[in-house]
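The values are calculated or read from the model by the stated rules, or taken from the named source; none is laboratory data. Please read these numbers as outputs of a predicted model, since none were measured by experiment. Positions of Cβ are generated from backbone atoms using ideal geometry, with glycine treated the same way; all protein chains shown enter the neighbour counts.
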Amino acid sequence: MKKRSLKQFVEWVTAWIKNLNDFQKAKLKISFYYLLVIFLLLNIFAGSIFFVMERESERYQDRIHLYFEGQKKIIVQDNLTIISVQPQVFSFNAGDLLNYHKIFVDLIERWLFEIEALILVLAGFLSYFFAGLSMRTIEEKNERVKKILADVSHELKNPLSGIKLSLEISKKQES
């Protein structure tokens, strides 16, 4: 069922595109190129943010481990190792802090993804709108040229049809 609906969708889109005039097709192409550039820039930006967040996250995790390792004292007496733990100021352990940190980083990454998707949708609509604005003057000029050509063609057809009619009449009279 999915293949059939996908096939129907492709057929519908193909038929829709065939019904578009050249300016509408050009408008869609320009919108696609705008959107492609915005998509690439957003991914470079989001990728750099993810890279920085990942690096800082690793540094934070290392600091947490060092902090909790620093609260332990290792004493070696007579070949006997004694580990003494200093009382903690707060009731977290390293695992809890790292879990909270991971949840926070995941939340920020999800927000960035959602914001990027929203920006892409908005950019798609805006690029289509601005492509239409930039193409409007070209389309108006093209319509004026078509009208002028239609008027010239009409003006040339009138005398030519009269000449043609005269030639046909004279041809029939000769026969």
Filter pass, Asn43 being at pLDDT 85 or above, on the phi < 0 side of the Ramachandran plot and of a type in the set (S, T, N, Q) = yes
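Yes/no matrix, rows are residues, columns are (1) part of a helix (DSSP H, G or I); (2) closer than 15 Å to Phe130 by Cα; (3) touching a Gly at 6+ places or on another chain (Cβ under 8 Å):
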| position | (1), (2), (3) |
| --- | --- |
| Arg4 | yes, no, no |
| Glu11 | yes, no, no |
| Leu20 | no, no, no |
| Lys27 | yes, yes, yes |
| Leu42 | yes, no, no |
| Gly47 | yes, no, no |
| Arg55 | yes, no, no |
Options Val145, Val121; residue that is in a helix (DSSP H, G or I), within 31 Å of the chain's Cα centre (by Cα) and β-branched (Val, Ile, Thr) | Val121
Among the residues of the range 104-126 satisfying the criterion of being of a type in the set (Gly, Ala, Ser) and in contact (Cβ under 8 Å) with a residue 12 or more places away in the chain, which is surrounded by the fewest Cβ atoms within 10 Å (Cβ to Cβ)?
-> Gly124
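A quick yes/no check of all residues on (1) more than 21 Å from the chain's Cα centre (by Cα); (2) of a type in the set (Val, Ile, Thr); (3) at pLDDT below 85:
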| residue | (1), (2), (3) |
| --- | --- |
| Phe50 | no, no, yes |
| Glu58 | yes, no, yes |
| Arg63 | yes, no, yes |
| Tyr67 | yes, no, yes |
| Ile74 | yes, yes, yes |
| Thr81 | yes, yes, yes |
| Ala94 | yes, no, yes |
| Ser127 | no, no, no |
| Leu149 | yes, no, no |
Residues that are touching a residue at least 24 places away in the same chain (Cβ under 8 Å) and among the charged types (D, E, K, R), drawn from the range 127-144 = Glu139
